[in-house]
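Below is one structure, written out as structure tokens; comments come after it.
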Amino acid sequence: MIKNSNGIKVLTIGTDRSLFNPESAVSRRVIEYGQKMGELHIVVFATSHMSQVTCHKLGGNVWVYPTNSISRWMYVPDAIRLGKKIIGNWKLEIENSRNVVVSSQDPFECGFVGWRIARAYHLPLHLQVHTDFLSPYFITSTLQRIRVLLARWLLPRATGIRVVSQRIADSLRDSGIQLRARVQVLPIRVDMEALQATPVSSGLKSRLPGCTFIILMASRLSKEKRIDDALSIMSHLVADHPYVGLAIAGDGPEKLRLKHMARRLGLERHVLFLGQQKMVFGLMKSAQCFLSTSEYEGYGMSIVEAGLAHLPVVATDVGIAGEVLVNRVNAYVCPVGDTLCMVSHIRTLISHNTERMLIADRLYTDVSAHIPSYDTYVAEYVKGIEDTVKNSGIVE
């Protein structure tokens, strides 16, 4: 274990409500972070019905505070007010800014809250980027356009930046945004040991009778995931491979539209909407192929998990494609929206069992090498915070 080498106090702004569950993987991880810091205080965007508490202690020096807002439109002002109250009431040592840092989990709303608090108390600001917001596909609404503008304005004011993939780091480098902070690339931590202990889920083939080759997707059912492309792919595949089925784990605003599309394409017997699933890795162990059709990804956690499940992957060129996924070496990678490319690669996997096993084995090896050990991950995360303090200037 890595010993606590400093008394740095961190105020984090985020949106991960699984922190309200002390037994969640995220809660366990932040407790580990806290052991390497002086104190860790986390403000979480949440409405009052999402949490029944105003503050709870996760570990010896880790506290979580829901904003308990009356609506999502109040997240930002409530988080600013709560963050300032925490610094005052919990007596964070703001008189010495080299021992205190504000960290935000995104460069959008959370980043704005972090900037307001950091500027008010002359503290260094650490911003994390989990989304490829510079992707040409990211702006799909006025809100997304505002978020991009906000990120472009906030990132030059940060004294520390962490991104989850090399793709995001490269996009920031090529964006023309004038950064004063070094960009740390630290992927999302995957608990390999816990995943490997997950039992194989049964029932996919019984719920898709007549389908012996199951394609699995694990995705939020939203427009940027392009699940309609997956349905178009299936309409091509079942024409000459009637034993192919598609199981989709996830929920979201596009669910009804996608179900109607599946019926319109005559795919009712070939497509299964599973809804939100807690044990997706168990489903991966029982499928024959993993498909991702997203327009953009910051990282691609489900793809990493599919690799660890020895599942061959067909994916669009987003997230860790090019960094971990190598086309025709350990996965099949296609341009966004190129459904015929994905159809061709899935047909290869259907027809060539040996190739399917080889490409899955290569991906397992490469993904395993990509994932840092738990201690290494925690140490690198804390180092990013420490470097933010060491390199800090007053937030403008």
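Among the residues making up the range 109-126, those that are at pLDDT 95 or above and of a type in the set (D, E, K, R) are 109, 116.
A Cβ distance below 9 Å, combined with a sequence gap of six or more or placement on separate chains, defines the contacts here; from the range 190-214, residues that are outside the structural domain of residue 24 (by TED's automatic domain parsing) and among the basic types (Lys, Arg) reach residues that are part of a loop (DSSP other than H, G, I, E, B) and surrounded by 16 or more Cβ atoms within 10 Å (Cβ to Cβ) in the pairs 205/211; 205/286.
Output the residue which, of all residues in the range 302-341 that are polar (S, T, N, Q) and within 17 Å of the chain's Cα centre (by Cα), is modelled with the lowest pLDDT. Working first, answer last.
Kept after step one, since they are polar (S, T, N, Q), are these residues of the range 302-341: 302, 316, 327, 330, 339.
With the extra rule that they be within 17 Å of the chain's Cα centre (by Cα), the set shrinks to 302, 316.
Numbers: 302: 95, 316: 98.
It comes out as 302.
For the range 230-238, does any single residue satisfy the condition of being under 23 Å from the mean Cα position of the chain (by Cα), more than 30 Å from residue 373 (Cα to Cα) and either part of a loop (DSSP other than H, G, I, E, B) or touching a residue at least 12 places away in the same chain (Cβ under 8 Å) (or both)? Give the steps one after another, and end with the answer.
Going through the range 230-238, the residues under 23 Å from the mean Cα position of the chain (by Cα) turn out to be 230.
Next, only the ones that are more than 30 Å from residue 373 (Cα to Cα) stay: 230.
Those left that are additionally either part of a loop (DSSP other than H, G, I, E, B) or touching a residue at least 12 places away in the same chain (Cβ under 8 Å) (or both): 230.
Checking the range 230-238: at least one residue is under 23 Å from the mean Cα position of the chain (by Cα), more than 30 Å from residue 373 (Cα to Cα) and either part of a loop (DSSP other than H, G, I, E, B) or touching a residue at least 12 places away in the same chain (Cβ under 8 Å) (or both).
Applying the criterion of being outside any helix (DSSP H, G or I) and aliphatic (A, V, I, L, M) to the residues of the range 239-250, the residue that is surrounded by the fewest Cβ atoms within 10 Å (Cβ to Cβ) is 249.
Considering only residues that are among the acidic types (Asp, Glu) and either farther than 16 Å from residue 186 by Cβ or in contact with a helix residue (DSSP H, G or I) (Cβ under 7 Å, 6 or more places away or on another chain) (or both), which ones fall in the range 360-376?
At the first step, the residues of the range 360-376 found to be among the acidic types (Asp, Glu) are 361, 366, 375.
Result: 361, 366.
Scanning the range 312-364 for residues that are under 20 Å from residue 299 (Cα atoms), polar (S, T, N, Q) and touching an Asp or Glu at 6+ places or on another chain (Cβ under 8 Å) turns up 316, 330.
Output the residues belonging to the range 241-271 that are touching a residue at least 60 places away in the same chain (Cβ under 8 Å) and closer than 20 Å to residue 314 by Cβ. Before you say what the answer is, go through the steps one by one.
Initial filter on the range 241-271 (touching a residue at least 60 places away in the same chain (Cβ under 8 Å)): 241, 244, 269-270.
Listed by number, the residues that qualify are 241, 244, 270.
Tally time: how many residues in the range 241-294 are among the basic types (Lys, Arg) and under 23 Å from the mean Cα position of the chain (by Cα)?
Looking only at the range 241-294, we keep the residues that are among the basic types (Lys, Arg), and these are 255, 257, 259, 263-264, 269, 278, 285.
Now restrict to residues that are under 23 Å from the mean Cα position of the chain (by Cα): 255, 278, 285.
The qualifying residues number 3.
The values are calculated or read from the model by the stated rules, or taken from the named source; none is laboratory data. What you see is a predicted model; the values in this text were computed from it and never measured. A quick note on method: Cβ atoms are made from the backbone with ideal geometry, for glycine too, and the neighbour counts reach across all protein chains shown.
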